[in-house]
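The values are calculated or read from the model by the stated rules, or taken from the named source; none is laboratory data. Treat the numbers as computed from the prediction; the structure is a model and nothing was measured. Neighbour counts are summed over all protein chains in view; Cβ atoms, including those assigned to glycine, are modelled from backbone coordinates with ideal geometry.
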Amino acid sequence: MNPSIVKKAAAGLFLLALALFPLIITNDYYIHMAQMIGITVIVTQGLNLLSGYAGQISLGHAGLYAIGAYAAAIVTTNFEMPYLAGLVASILCSAVVGLLIGIPALRVKGHYLAMVTIGVGIIIEKVMNEGGDLTGGFAGISGIPGPEMFGFSLTGTGIYYMIVILAAVITVLLWNLIRTRPGRAFLALRDSETAAEAMGISRYRYKLIAFVLSAVITGIGGNMYAHTNNYVSPDSFTSHLSIFLLAMVILGGMGTVIGPIIGTILLYLLPEALKNFDDYHLIIYGVILLAFIVGLPGGIASLLPKAYRPKETLFNEEKLSKETVGGYEPGVVQGAENNHQAILEIVNLTKRFSGVVANDRVSMSVERGTIHSLIGPNGSGKTTCLHSISGLYRYDEGEVLFEGKSITSLKLHEKVGIGIARTFQHAQIFKELTVLENVMIGEHNLRKTGFLGGAMLLPRVVKEEKESQREALRILDWFGMKELAFAKSGDLPYGYQKILEIARAMASRPKLLILDEPAAGLTNTEIEQLEHILIKLRGAGVTILLVEHDMRLIMKVSNAITVLDSGRVIAEGSPADIQDNPQVIQAYLGDRKVG
C-alpha cells in the first residue's frame, strides 16, 4: 500500500478521534486526563526542541513549566487581569528565564549543562515555596479563572478543544521550523558544535534562541495548566516532573516530531492501566519504562518504517533524485590582474599553550588561485596554525590578513561570511543527517530564512528551500556523490565522509578553502580521487591552504609549500625547492624525499 496514503489516512483518523473524544467520552475524569495529555504534549514539544533538536539536555524543565503557570495565576488572580494579560506574562517571564538559563549554557554542555538546569529548577521550586503572598507559599494559588476566548469563558470541552488546537499548532510550527534553515542549524549544533560554527552557524545565538523558544513553548503549557486546573502549587512542579518529561521525550523518540506525542500518551496511560496492581504498579511501571528506554534508544518512533514516519525534510526524495543537475561552478577563475596577489597573509603569528610555544612568529603568504601546502613533522604546529587562522583559536601575537584586511577579531562562524571555509583532521560531518542535508547546512550563510518564516513556512521560504536543495544536488553531482544524496552521512565509508566534508565547505562559496589532512585514513584509490578534486578546485579559481602528510599528494598538487618545525617556519618555496632543501630533509622528509 502507498505509504503516503497510509500516513494521510492515519493522520485523518487521529484527528477525527481527537475531535469526537469529548462527544463520545463524557466522563469528566477522562476529559481532564485528555486535557493534561494535550498540555504535556505542548511542554514536551518545547523540551524536544531544546534537547532533541538542539542537543541541550535539560533536567529542570518543570521549573519553566512552573514559571508559565505561576505567571498566569499571579496576573489573573492576584492582580485580577484578563486571560490574555496572563498569557503574555507567561510568555515573557518564561522567555526571560530561558534567556538566563541559556547564558551559562554557552560555557557548559553535556552533563554539566544538565546540572545547571537542575540548579535552576531547584531555585524556582524554592521561590514558589517561599514567595509569600505573591506565590501563596506551600498552599499555592487557587481560584484561577478558566481561559477566555472572544469574551467567552471556556470550561470542560471548550478547554479541551483549545488545548488540542494549541498543541497541534505548536507541533506543526516546530515541524516546519526544523525542516528549514534554522532547524538545520539546531541539528548541526546537536551533532558537532565546532563543525556547525565552521559552517557559519553562531553557537551563541542559536543556543540562546533554543533555550528561549523552548522556555516560551513550555511557559504556554504552564499557562494552560493553571487555567485548566484552576490551581497551582509547588507540589505540581517538582524535580521528579522534569525527569518524567524528559523520559516522555526519550521514550517516544527524541528529535522526532511525533516522539513527544507518543511518549506523553503512553506514560499517561500506562500508570492508568496498571493502577489495579496496587503496591506493585510502580515497580512494573519502572521496569517497562527502563526496558523501553534501554531496548529502544531511538524511541518508539524508530519502530515505524521510515516511509510511514512524518517527513523531517521538505523535499521529495523521489522527485529530486530524478532532477537534471549541473552547471555548478565552485569558484571564479581569477583574471590576470589578480595573479600573484596574496589572498591570505600571516604575520608573526604566535600561539602559546601554558608556556609551550606551538607557533613561534609564523609568517606566510598565500596567493590567489593556488594550492599552498603547510607541512612538517607531528607536533610542528600545523593544525594550531590552521585553528588560529580560521578562528577556532585566539592567537597571542601577530596578525592575520584576508584580502588585505585584518581578521584577528573575527570568530570562527564570522570568517565563513567573508569567504573562509575549512575542514578538519578527523571528518566532522553531521552523521545523523543525510548527505544532502549536510551540504545544505554548508549554504547557511547564503540563505535568509529566519525563525518566524521557517515556522510559518512562507512561500518565499519554500522557494528558497527548493533552490537550496537544487544547489546542494549540483555540488554533490560535481563531487561525484549525487547518487548518495539521500544516504545517512554516518553510514558512508570514511573516504566519502572526507569528500563530503569538502563538498559541504564548498557550499558556502569560499574564496579560501582550508583543508586539514584530507587524505588521512583514505585508500590509494580515494587519494587519487582527492587529488583530482583538488586540481579541479584550483582550476576553478579556489584558493586552498592544505595541511597534509602524504608527500606524493603534496608534491603533485601544490604551487607553494611552507615547512614548519617546532612551531617555526624553516623553509618556503616550490615543491622542487622544498624537496631539495637540506634543512627540510633533515627535519621532516628524511628518506621520504619524493622524486
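Scan the range 100-114 and tell me whether some residue there is under 22 Å from Tyr160 (Cα atoms) and surrounded by fewer than 17 Cβ atoms within 10 Å (Cβ to Cβ). No, there is no match, as no residue in the range 100-114 is under 22 Å from Tyr160 (Cα atoms) and surrounded by fewer than 17 Cβ atoms within 10 Å (Cβ to Cβ). When residues in the range 373-415 are screened for being outside any strand (DSSP E or B), over 26 Å from the mean Cα position of the chain (by Cα) and at positive phi, 5 of them pass. Picking from residues in the range 421-454 that are of a type in the set (Gly, Ala, Ser) and in a loop (DSSP other than H, G, I, E, B), the one that is farthest from Arg184 (Cα to Cα) is Ala427.
Using the structure shown, decide if Glu464 is in contact with a Ser or Thr (Cβ under 8 Å, 6 or more places away or on another chain), surrounded by 22 or more Cβ atoms within 10 Å (Cβ to Cβ) and either in the same structural domain as Arg181 (by TED's automatic domain parsing) or assigned to a helix (DSSP H, G or I) (or both). So Glu464 fails the test.
I need a count of the residues in the range 110-132 that are among the acidic types (Asp, Glu) and without any contact (Cβ under 8 Å) to a residue 24 or more places away in the chain. Working first, answer last.
Kept after step one, since they are among the acidic types (Asp, Glu), are these residues of the range 110-132: 125, 130.
Now drop any that are not without any contact (Cβ under 8 Å) to a residue 24 or more places away in the chain, which leaves 130.
Result for the range 110-132: 1.
Scanning the range 434-452 turns up one or more residues that are among the small types (Gly, Ala, Ser) and surrounded by 24 or more Cβ atoms within 10 Å (Cβ to Cβ). Residues that are out of contact with any Ser or Thr (no Cβ under 7 Å at 6 or more places or on another chain) and touching a residue at least 40 places away in the same chain (Cβ under 8 Å) within the range 85-109 comprise Leu87, Ser90, Ile91, Cys93, Ala95, Val97, Leu99, Gly102, Ile103, Ala105, Leu106, Lys109, listed in sequence order. Going by the conditions given, is Pro260 under 26 Å from the mean Cα position of the chain (by Cα), not aromatic (Phe, Trp, Tyr) and not in a loop (DSSP other than H, G, I, E, B)? Judged against the criteria, Pro260 is a match. All of Thr256, Thr194 fail the test of being surrounded by fewer than 24 Cβ atoms within 10 Å (Cβ to Cβ) and either of a type in the set (S, T, N, Q) or at pLDDT 95 or above (or both), apart from Thr194. Reported count of residues in the range 486-501, each being surrounded by fewer than 22 Cβ atoms within 10 Å (Cβ to Cβ) and under 21 Å from the mean Cα position of the chain (by Cα), is 7.
Each residue in the range 62-86 was checked for being assigned to a loop (DSSP other than H, G, I, E, B) and of a type outside the set (A, V, I, L, M, F, W, C), and 2 pass. Scanning the range 195-231 for residues that are assigned to a helix (DSSP H, G or I) and either under 11 Å from the mean Cα position of the chain (by Cα) or of a type in the set (Phe, Trp, Tyr) (or both) returns Ala195, Ala196, Glu197, Arg203, Tyr204, Tyr206, Lys207, Ala210, Phe211, Tyr225.
Of the candidates Arg504, Arg568, Arg552, the single residue that is within 33 Å of the chain's Cα centre (by Cα) and in the same structural domain as Cys385 (by TED's automatic domain parsing) is Arg504.
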